[in-house]
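Everything below concerns the one structure shown next.
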Amino acid sequence: MAIYLRQILATIAAYVLYHSNHLLRFFADFLASDTLDSLSNRYSSWYNMYLISKVINFSEVGKHDRAVTITKQETIDSMIIAELDYHGLTSVELELYLIKSLTAIAGINLDSIQVSNISKGHAKLIFSMLR
C-alpha cells in the first residue's frame with residue numbers, strides 16, 4: 001500500500017515539476033536565452049532523476065528484506081539509463097517490479113524498457129521517454 005501511495009505522490013509532484021519545466025522552456029525560447037536553455041536542460045535532467053528515483057526506490061523490511069535503489073542515472077536525448085542495486089529479489093521479480101513501477105509515470109514508452117543484469121545485485125535499466 002505504501003508503494004502505491006508513494007507512486008501517486010511522485011506522479012503528482014512530477015506533474016507540477018513537468019509543467020514548471022515547460023514554463024521555463026517557454027521563457028528560454030521566448031527570450032532566446034542560452035542561459036535559460038541550459039538551465040532548462042539541467043532542470044529536465046534533475047526532474048527525470050527525481051521522478052524515477054521516487055517511483056523506483058523502495059526498501060521493505062520484514063520476513064524478507066528487499067530493496068531497489070537507483071545508484072546512477074544518465075539522460076541521452078529521450079533515453080534514460082539507470083544503474084540499480086537490489087537485493088531480496090530475483091532478476092525476473094526485479095523486471096516485473098520495474099515495469100509495474102514505471103507504468104505510474106506518464107510519457108514512458110513501455111515497449112522500450114530493458115533490464116539487464118550487470119552482476120549479482122546490480123542491474124541496468126534503459127527506457128525511452130516519449131516526446
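The values are calculated or read from the model by the stated rules, or taken from the named source; none is laboratory data. The shown structure was predicted, so the numbers you read here are calculated from the model rather than taken from an experiment. With ideal geometry, Cβ positions are generated from the backbone for all residues, glycine too; neighbour counts draw on all protein chains shown. With ligands, DNA and RNA removed, areas are computed over all heavy atoms of the protein, side chains included. Shrake-Rupley method; radii C 1.70, N 1.55, O 1.52, S 1.80 Å.
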Completion exercise
A correct Karplus calculation of ³J(HN,Hα) over the stretch 67-79, with 6.51 cos²θ - 1.76 cosθ + 1.60, θ = phi - 60°, whole Hz and x for Gly and Pro, returns 7, 9, 9, 7, 9, 7, 9, 9, 10, 10, 6, 9, 8
Exercise for the section: Please work out the FRET efficiency for the pair ASP37 and ASN117, using the Cβ-Cβ distance as r and a Förster radius of 41 Å; give the result to the nearest 0.05. Expected result: 0.65
Problem - MRE, 222 nm, helices only [DSSP H, n ≥ 4, -39500 (n - 2.57), over the chain, to nearest 500] - result: -17500 deg cm²/dmol
Handout entry: For the chain, with +1 on Lys and Arg beta carbons and -1 on Asp and Glu, the positive-most of LEU94, LEU51, ALA123 along the dipole
Key = LEU94
Problem - Of (i) 10.7; (ii) 12.8; (iii) 8.2, the label for mean projected area of the Cα convex hull in nm² derived from the coordinates - result: (iii)
Handout entry: Test item: Cα-centred dipole of the stretch 17-131, Lys/Arg +1 and Asp/Glu -1 on Cβ, debye
Key = 240 debye
Handout entry: Percent carbon-and-sulfur accessible area, the chain, ignoring ligands, DNA and RNA, probe 1.4 Å
Key = 60 percent
Handout entry: In order through the stretch 107-122: 3J(HN,Hα) via Karplus (6.51 cos²θ - 1.76 cosθ + 1.60), integer Hz, x for Gly, Pro
Key = x, 9, 7, 5, 6, 8, 5, 10, 10, 9, 7, 8, 7, 4, x, 10
